[in-house]
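Taking it in order: structure first as structure tokens, then the write-up.
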Amino acid sequence: MEILKDRRNQIHRKGDEPGSITCEKASVAGSVSQRACVFCGSRVVLYPVADALHLVHGPIGCATYTWDIRGALSSGPELHRMSFSTDLNEMDVVYGAEQKLYHSLIELIDAYKPKAAFVYSTCIVGLIGDDVVSICKKVAAEKDIPVLPVEAPGFAGTKKDGYKIACDALLSLAGTANTDTISAKSINILGDFNIAGETWVIRDYYQRMGVNVVATVTGDGRVNDIQKMHGATLNVVQCSGSMTHLARSLKEKYNIPFIRVSYFGIEDTAAALYDVARFFGDDSMLARTKELVRQETQAIMPEIRRYARDLEGKKAAIYVGGAFKAFSLVRALRTLGMGTVLVGTQTGNPEDYEQLREICDPGTIIVDDANPLELCSFLKEQRCDVFIGGVKERALAYKLGLGFCDHNHERKEALAGFIGMRNFAREIHATIMSPIWKFVPRDNCEDSGNPS
Amino acid sequence: MKLLTKLTPTATQNACKACAPLGACLAFRGIEAAIPLIHGSQGCATYIRRYLIGHFREPVDVASSSFSEGSAIFGGKDNLFKALSNVISQYNPQFIGVASSCLTETIGDDLERLVPEFESQLTGDFHPALVPVATPSYAGTHDSGFHSAVHSIIDRLAIEPYPGFGRAVNIMPGILSPADIRYLKEILEDFGLVYTMLPDYSDTLDAPAASTYEPIPRGGTPISSIASMGRAAATLVLSSTLSKQMDGGALLETRFGVPEIIVGAPIGIGKTDVLFNILSDLSGRKIPPKYVAERGRLIDSYVDAHKYLFGKKAVIYGEEGLVIGLTSFLAEIGVFPVVCASGGKGNGFQAAIRNSIPAGIDQPTILEGADFSEITAAATTSGADFLVGNSGGYGTSQRLGIPLIRVGFPVLDRTGGQRILHVGYRGAQHLFDQIVNELLRKLQDDSPVGYGHF
Ligand code: SF4
């Protein structure tokens, strides 16, 4: 396969040439990037705030394609699972749609009584010049709830810029509720999206350690919790790609320190919990944490060892959104006796790629913002047994006759925490060991495949 | 989730449609050695890919011209040209379908002008056919985008200048499943007919496992066949609600004198009989025994299970053509369609539904431009026993506690969406068994004692 000239510096083979990988660029036109848009970035971050209204101001597509797309669960209200749109038509585009937006907001707020509303303006809204900010202000005043503009036209940058816009919306909620009852040993969980209930798993660990959780942002999120998140003592950031901006802003504005963690894999989960316990400098908390880690590890290890016996020496490829997850996955796979031969991300930055280069084995291909053509040729070349990615990657893996594990926001299996490691091992084992692979490919048949 | 009621017609709540560029991409995937390109921001292409992949469970490459802020201000020509060159060098396609988006339509990028300009700059002996289509996401639905793309393909590529003779027929299936298209091809072949199926994604979006991954899967309508569509004896259009700008059959008729026969979706015995009679006329052959037997078995099963169905009430929703076909099928087996809804509107949908309901059955509530808040509200008051439609009705079925028979597009929460058979006797058989069995399952589940036999 011919790699597009503009993309050559975005691919690196460990052990080959020195020099750093090029990243953080807009996708090349005509390259079938696996990335999405600014709107997508803002939508995925805010999506799990379950008692807020999420209204997409634009034509129907963006709203339809994001309707209940992710497995972000809520322990209470489920307003986030609805898809609301102003569904702009030709007349709206010609004459502007401020009135439509206004009426939509009023009617939806009256009907669903949300605690806040997020208004996402997508591609053409910026162009037609609707004054979304003032409509939001007006409705906020009339209905007495926060109505937050999320100005995220798809073309105005990358998915990462969308994260930032979402963080700013969250930041404007913070600081607006009373924090008197919050204890000193308290944290916000940032950047866990409660996919398949993962926030609940993490929250439970902290509770057992004696740490008070003020807000979970945004998994199983509630507007009122977010409004008082400035009362927490520490921010614990999991998805660094999406939430570092918020953590930094909270530090600047409210002087709350933050640490970056990951809850994927045994080592990383344990490290995360120890880091938090150490931060509070409380010996009894540290002792409780040790006990928790011991218990949880003991509970899952026998099963994991069983899987590892089968998986020893198998090879994995990883293509995920953010780099922090990629680090954890490389380590988690090692726990299973597996190696990583391809690792790529949609949005890594130079330091991320440097770190990836350090932890990967020689020969590993490292790639930024890949497309299906490149992914396929690397997967074949590296002779992987399993591909870890998102739904778009799943179709590729299966077509190539490879095992697959969904580690994206649309997965339905909890993969965070100790129990998540058990689920991960189970899933990797189930896909690699399935007997069906012996039927693909069928070399002795008459060609049923594709033209060359 | 609380129960939805439609308030004023301002906000759309859980849409029963997707946008036009998606439909265009779907149609483009049915051309041989083709790749679709969306002229717009990166997101649309990725979301649309994700949506199509979710249903077809196949890799679906859709390129994007990856708009940035600058292109939105200064125009997207450079991005478009670069995208086209990159797609050509990476995929070496024979066909590129270029769909516009809300963004490029709004800034006034004119594909009708830009695409030929790019073409004129290409050097070398071979270059792919380029077909632009205007699919502003703020007009119409994925269904109208699909048909507009088919219309554009014909407009650009059907070039044979002389009128019809011979037995070749054109057939335009509309949005059906790959299994439907495969079955239709089998039928046409069994009649000995030479045909052009446009589009034909029966292989490209339901490809066999293979030892190598090819980004451009085998199959699709050959461009040479499209070129000669103007010579066909007739064009069969399996959609009955197309406006003039979307009706490729009408275009072939005005331009080349190929008669257009609007068949509608051949779902159920009545409508399938119509199709078979037409094919028999066109081919000059009797209906092959295989299909006579299929039809006979279908009737036999109708008899076996008619009592479980008579008077049951159904809610049907989806693309206009599919809803019309399903309505007549359900009415034919004694089910009362009580709500017939589509996210699209216009073009005789209401009238077609009314005509599909035989005398003696109450007219259903017909919803056009509907979303799931309206469909749910209407379903709730209708006393419906089951729903027939795509995955979008999952929430409604859950809330009302009635079964959802998944048909059409998209089916995102089950496997096998690409293999659902809707059309012809075999399709009716499949739908019939599924509906009856779902109703029996519900009887069993709801019963305190359960039944081992029915
Ligand atoms: S690129 Fe624009 S139109 Fe497309 S999905 Fe993103 S916001 Fe919507």
Count of the stretch A:49-90 residues which are in contact with a Phe, Trp or Tyr (Cβ under 9 Å, 6 or more places away or on another chain), away from the ligand (no atom under 12 Å from the Cβ) and farther than 29 Å from A:GLY197 by Cα: 3
Neighbours by Cβ (under 6 Å, 6+ apart or cross-chain): first from the stretch A:235-250, within 18 Å of A:VAL276 (Cα to Cα); second outside any helix (DSSP H, G or I) and among the basic types (Lys, Arg): A:VAL237/A:ARG260; A:SER240/A:ARG260
Single unsatisfied condition, B:LEU80 versus (1) facing chain A (nearest Cβ under 7 Å); (2) buried (at least 24 other Cβ atoms within 10 Å of the Cβ); (3) more than 30 Å from B:THR415 (Cα to Cα); (4) in contact (Cβ under 8 Å) with a residue 24 or more places away in the chain: (1)
Of all residues in the stretch B:106-148 being within 17 Å of B:SER66 (Cβ to Cβ) and not hydroxyl-bearing (Ser, Thr, Tyr), the one that is nearest to the ligand (Cβ to nearest atom): B:ILE107
Residue in the stretch B:17-39 that is farther than 25 Å from B:LEU387 by Cα, modelled with pLDDT under 95, crowded, with 24+ Cβ neighbours inside 10 Å and within 10 Å of chain A (Cβ to nearest Cβ) present: no
Residue count, the stretch A:36-54 (criterion: within 9 Å of chain B (Cβ to nearest Cβ) and either farther than 11 Å from A:GLY157 by Cβ or surrounded by fewer than 24 Cβ atoms within 10 Å (Cβ to Cβ) (or both)): 2
Scan of the stretch B:50-71 for residues that are touching a residue at least 24 places away in the same chain (Cβ under 8 Å) and either among the acidic types (Asp, Glu) or not in a loop (DSSP other than H, G, I, E, B) (or both), ordered by number: B:TYR51, B:LEU52, B:GLY54, B:HIS55, B:PHE56, B:GLU58, B:ASP61, B:ALA63, B:SER64
Single residue of the stretch A:112-128 satisfying the filter (without any contact (Cβ under 8 Å) to a residue 60 or more places away in the chain and away from the ligand (no atom under 16 Å from the Cβ)) that is surrounded by the fewest Cβ atoms within 10 Å (Cβ to Cβ): A:LYS113
Filter pass, A:VAL94 being in a helix (DSSP H, G or I), within 14 Å of chain B (Cβ to nearest Cβ), more than 16 Å from the ligand (Cβ to nearest atom) and surrounded by fewer than 20 Cβ atoms within 10 Å (Cβ to Cβ): yes
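Residue by residue, here is whether (1) surrounded by fewer than 24 Cβ atoms within 10 Å (Cβ to Cβ); (2) of a type in the set (Ser, Thr, Tyr); (3) within 7 Å of chain A (Cβ to nearest Cβ) holds:
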| site | (1), (2), (3) |
| --- | --- |
| B:TYR47 | no, yes, yes |
| B:LEU52 | no, no, no |
| B:PHE56 | no, no, no |
| B:SER101 | no, yes, no |
Selected residue (criterion: farthest from A:LEU88 (Cα to Cα)) from residues of the stretch A:56-76 that are out of contact with any Ser or Thr (no Cβ under 6 Å at 6 or more places or on another chain) and within 7 Å of another protein chain (Cβ to nearest Cβ): A:TYR65
Unmet criterion (only one of (1) more than 9 Å from chain A (Cβ to nearest Cβ); (2) free of Cβ contacts under 8 Å to residues at least 40 places away in the same chain; (3) not small (Gly, Ala, Ser)) for B:ASP109: (2)
Unmet criterion (only one of (1) more than 7 Å from chain B (Cβ to nearest Cβ); (2) part of a helix (DSSP H, G or I); (3) buried (at least 19 other Cβ atoms within 10 Å of the Cβ); (4) at pLDDT below 95) for A:ILE109: (4)
All positions within the stretch A:119-167 that are within 12 Å of another protein chain (Cβ to nearest Cβ) and among the aliphatic types (A, V, I, L, M): A:VAL119, A:ILE124, A:VAL125, A:LEU127, A:ILE128, A:ALA152, A:ALA156
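The values are calculated or read from the model by the stated rules, or taken from the named source; none is laboratory data. Just so it is clear, the structure is predicted and the values come from calculations on it, not from any experiment. So basically every Cβ, Gly included, is an ideal-geometry build from the backbone, and we count neighbours across all protein chains shown.
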